[in-house]
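Trainee: Input: one structure, supplied below.
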Amino acid sequence: MKIAYIFDQPLPGKEADQMQLINTIAALSRHGCEVTLFLPASNVDDLPTADALREYYKIDAPFKLDCIHSIFPGPRIAEKVVHPLLCTTLLRKKLRTFDLVYSRNIPAIVTSLSTGMPTMYDTYRPWPIQYAAMIPLFRLIFMDRNFLGIALHSEYSRQAYISKGFDPHKLLTAHNGYDKRYYTPALSKSEARALTGLERDAKIAMYAGRISMKKGLDHVLRLAQARPDVEFVFVGPGDESGEFARAAQHLANCQIIGWQPEDALPKYLFSADVLIIPPTAGPLQKTGNTVLPIKLFSYIAAGRAIYAPIAPDTAELLQHDRNAYLVEPDDEAAELNGFNALIDDDERMNRLSNEAAKDAQNLTWDARAEIIVDFMQRRLGEIRA
């Protein structure tokens, strides 16, 4: 199966959607698909290569790369529209040599369908319940015979489309995943801390992901303030404004570590006693931008106790006091009481860790690619019949 994957951001980069993209195409390639990634490029004198991306992201997959010079290297929102339009107009003949177009970008989906190409959309967003104004556009997309469907990152998002009358036959729940190579064999906490230099005998609570107050990290800082005996470690990119660093600098038990490539992140996760998803429903309720965050799959793969809010998306993978400790979101007393109940109970942490490690087996990027390929093959057969 030949796939043209149109992405709307330059690479390499450290954002979650860029990591999701590169792991998706790598897994599809390993699953036997011939994938070509089409990227925007504003600097024609410094174009990335497929080998450079493989080295940067530490992945092993035979995908190809084609960079399209952006005629409008400007604001992010403009690039999200201009690049897919360029791809589907300038490359119309080239795209005809592929079996389908695959993208996370709505303008790419619309313009691809306008050329008559079979087209697959990939998103975490429950658009119909986030922005009702987009429902008519999606109705037109779903009516197109060449629209294969949507690979959604959660059942929560899939049900959002079904609740508005969209055809379940074209909706696939395909959870994100983790790269099993980097979590095998598992490291003990002492082995991992010897590699990371984190304090050997401390209780460590860790957040791994984009470092931004928009992610609810103010809730984590409250926990750190209440528990000065616990080390709080933050691993990830972001905080360009310095807002989080300024808020954390007065807490001696907070340590900020920068972004780690995918092959280096596990040793930090293995170092933790508890892995934290900020206990707030704010980001999901306001923008839907934390629907089953990718960090959750890395957390589960690390086999450490997970502390998280009760939420409709995380409930698909986390069950209270089985593989995670869940608390009522945005309830300061419940957040602290729940954290204390977990971090102060070694038996509970060990039990939750063991269950999370068991659950990780079927949550790899390769497992995701397999169900997506099966779905696309079925849908291609139906539209060609």
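The values are calculated or read from the model by the stated rules, or taken from the named source; none is laboratory data. Remember, predicted model here, so these are calculated numbers, not experimental data. Glycine gets a Cβ as well: all are built from the backbone with ideal geometry, and neighbour counts include every protein chain shown.
Trainee: Name the helices (runs of 4 or more DSSP H) wholly inside the stretch 268-385 in which the number of residues that are not assigned by TED's automatic domain parsing to the domain that holds SER188 is 3 or more.
Mentor: Because the criterion is at least 3 residues that are not assigned by TED's automatic domain parsing to the domain that holds SER188, the helices (runs of 4 or more DSSP H) in the stretch 268-385 that meet it are 365-384.
Trainee: Next up: Tell me, which residue of the stretch 22-50 that is modelled with pLDDT of 95 or more, of a type outside the set (A, V, I, L, M) and out of contact with any helix residue (DSSP H, G or I) (no Cβ under 8 Å at 6 or more places or on another chain) is nearest to GLN260 (Cα to Cα)?
Mentor: Out of the qualifying residues, it is SER29.
Trainee: May I ask you to verify whether GLN225 is more than 18 Å from GLU332 (Cα to Cα) and either surrounded by fewer than 21 Cβ atoms within 10 Å (Cβ to Cβ) or of a type outside the set (Ser, Thr, Tyr) (or both)?
Mentor: Here the answer is no, as GLN225 does not meet what is asked.
Trainee: Another question about this same structure. Would you check if there is a residue in the stretch 161-171 being farther than 18 Å from SER298 by Cβ and in contact (Cβ under 8 Å) with a residue 40 or more places away in the chain?
Mentor: Yes, that holds for at least one residue.
Trainee: Being modelled with pLDDT under 95, over 24 Å from ALA4 (Cα atoms) and of a type in the set (A, V, I, L, M, F, W, C) is true for just one of ILE162, ILE129. Which residue is that?
Mentor: Only one candidate qualifies: ILE129.
Trainee: Out of LYS14, LYS58, I need the residue that is over 23 Å from ARG92 (Cα atoms), within 15 Å of the chain's Cα centre (by Cα) and assigned by TED's automatic domain parsing to the domain that holds THR123. Which one?
Mentor: After ruling out the rest, the residue left standing is LYS14.
Trainee: Hey, among the residues in the stretch 172-207 that are within 30 Å of TRP127 (Cα to Cα) and touching a residue at least 24 places away in the same chain (Cβ under 8 Å), which one's farthest from the chain's Cα centre (by Cα)?
Mentor: Filtering first and then ranking leaves LEU172.
Trainee: Report, ordered by the first and then the second residue, all pairs with beta carbons closer than 6 Å, sequence separation of six or more or different chains, a first member in the stretch 359-372 that is more than 16 Å from HIS31 (Cα to Cα), and a second member that is surrounded by 19 or more Cβ atoms within 10 Å (Cβ to Cβ) and of a type in the set (Gly, Ala, Ser).
Mentor: ALA360/ALA301
To keep it simple, each residue is scored yes or no on (1) within 24 Å of GLU15 (Cβ to Cβ); (2) modelled with pLDDT under 95; (3) assigned by TED's automatic domain parsing to the domain that holds ASP144.
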| site | (1), (2), (3) |
| --- | --- |
| ASP167 | no, no, yes |
| LYS170 | no, no, yes |
| THR184 | no, yes, no |
| LEU187 | no, no, no |
| GLU191 | no, no, no |
| ALA194 | no, no, no |
| ALA202 | no, no, no |
| GLY209 | yes, yes, no |
| SER212 | yes, yes, no |
